[in-house]
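Student: Quick one: this structure, given as structure tokens, is what I'll be asking you about.
The values are calculated or read from the model by the stated rules, or taken from the named source; none is laboratory data. Here the structure is a predicted model, which means the values were calculated and not measured. Cβ placement follows ideal geometry from the backbone for every residue including glycine, while neighbour counts extend to all protein chains displayed. In case anyone asks, the SASA skips ligands and DNA or RNA and just uses the protein heavy atoms, side chains included. Shrake-Rupley method; radii C 1.70, N 1.55, O 1.52, S 1.80 Å.
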Amino acid sequence: MLSFFMSVLKSLDFVKLSEFQRGRNKRKVSARLHLILVTAYDIIEVFEELIKLLEKSLKEYRRDGNRYIMSINPSWTESLLRRQADNLGKLDRLVRDLYAEVRVLDPAFEKTYRDLVPSKFGIFFEAQQLLWQGRLGTHEDHPVPYSRTAGLTYRTLWLSEIPKDHDRQQDIKYLHADDGMERSVIDVNMKDGEPFFRELARYLEEERPHQRLIALRETAETYKQALMENLSLEDVLLELGRLNRAD
């Protein structure tokens with residue numbers, strides 16, 4: 001899922017967009033770019049806390065008979081993922097609003113937006129649904145938008161409690177799309193014991209979330225510098241007040 005956020009950030013040319021607004025006094029563009037950046041930093045911080053918790057759990061878990069004793073608090077991890085889902089919804093709304101502001105005067109952004117949001121219920125919606133369910137997508141090398149082609153394995157760590165009498169097979173059928181098509185899915189819950197920690201170890205070792213977070217923060221810092229060089233703080237603050245009243 002980290003690769004998804006990186007793809008969203010990289011699709012937004014902050015330098016070009018900030019220069020665009022400066023030449024046209026587009027205060028709404030200034031404010032929305034600022035809010036996108038603030039949301040990006042919150043997304044990074046939530047992921048940093050989550051990865052830290054997962055690493056600690058993998059290091060400290062132990063087996064006691066048929067039980068696995070772990071340091072993960074499912075209520076806390078679920079709340080982090082729900083906070084991330086809220087961030088993603090905010091990011092989706094801001095990108096759509098940004099598109100409405102610049103599409104006429106910047107035709108190139110039209111294609112960028114269509115590639116990023118190919119339909120009303122596109123990749124933003126799918127990623128948000130997983131997070132709301134308490135699941136962390138761990139298939140970092142999947143195409144973005146996610147591909148429907150054969151041969152891909154959809155991987156998720158389920159970091160919340162399993163509801164009583166829950167049909168997990170039905171879950172798997174519809175987890176990564178609502179079309180009911182058969183697909184390869186690895187969806188492991190904390191209560192699954194060894195399979196969960198095996199997938200967690202694979203995620204931390206093979207998907208390299210730490211390196212991806214470093215790259216995300218570096219990208220955010222680059223965008224922050226672009227905004228500082230091109231945007232007027234007065235313009236941003238004036239328009240932020242109007243946007244907050246509108247919300």
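Student: Please tell me if D86 is open to solvent by 70 Å² or more (accessible area, probe 1.4 Å), of a type in the set (D, E) and modelled with pLDDT of 85 or more.
Tutor: On the way: open to solvent by 70 Å² or more (accessible area, probe 1.4 Å): yes; of a type in the set (D, E): yes; modelled with pLDDT of 85 or more: yes.
Spelling it out, D86 is indeed open to solvent by 70 Å² or more (accessible area, probe 1.4 Å), of a type in the set (D, E) and modelled with pLDDT of 85 or more.
Student: Are there helices (runs of 4 or more DSSP H) fully within segment 137-247 with at least 1 residues that are over 18 Å from L53 (Cβ atoms) and at pLDDT 75 or above? List them.
Tutor: On the way: elements: 168-174, 194-202, 209-230, 233-246.
Here the list reads 168-174, 194-202, 209-230.
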